[in-house]
Structure formats: C-alpha cells, structure tokens
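Worksheet: one structure, shown below.
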Amino acid sequence: MQIISISNSPIYQIQYLTAASSGLGLIERYLPILLAEVDLLPNNLHAIIITSDLQGIDPKNHQLLAYLLLEELETLNNGIQVIKADGRAIVIQVKNESLLN
C-alpha cells in the first residue's frame, strides 16, 4: 500500500491541549483530519486511519486525545463503528461503504 496523495486542507480539526515546549503550562493545538488516497487497501479494509502520537489532552473531559479522536470520528460519520481503542491503536469498521465515496 502506497499513499498517492494527501489533501492540503483539513476536512475537520480537533482541539486539544499539550505541554508547552518550555515545560511550563499547557498550550492549545488542533489535530487536522486530512483525506488521503492510496493505491490499494489490504483485503477487507474500506478505510484506514493513520495518526502520529495522540497523547494530547481533551480540554473538556481531560482524557487522552486518542479517545477524543474516536468520539469525534463517530460524531462526524455515523457509518463508523469503533471496534477497539486502547489509547495506542484504533480499529474501525465502516458499516456503510457509500460513506467512503
């Protein structure tokens, strides 16, 4: 699987907090949600989510950013069902393939 293209503009952004580089206090950041196109997905996959380190903090619920991302994705598209989320990995199942087109 190779990435063919990644959009320049986010389709959505998620606000989170992270430690300031000085080590003093927290700063507000936004996690961009970008669409990408790949040449081929492995069998039985309709979509894949790729992230970097998700250890920011949800400013409202004070939970890890990984959990906030799951909640936001479910809200954005009721065709996504989260199967597993352990703070390090997210596995989803797309219930309605037409949502991907």
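Got a sec? Which residues in region 7-48 would a label at ILE57 touch, if it sits 7 Å along Cα→Cβ and we count backbone N under 14 Å?
16-21, 23-29
Just to check I understand the Karplus step: with θ = phi - 60° and J = 6.51 cos²θ - 1.76 cosθ + 1.60, what whole-Hz values come out for region 19-30, glycine and proline as x?
Karplus-based 3J(HN,Hα) across region 19-30 equals 5, 5, 4, 6, x, 10, x, 10, 10, 8, 9, 10 Hz.
Quick note: the coordinates plus some simple rules give every number you see, no bench work behind them. Treat the numbers as computed from the prediction; the structure is a model and nothing was measured. In this analysis, Cβ positions are derived from the backbone assuming ideal geometry, glycine residues included, and neighbour counts consider all displayed protein chains.
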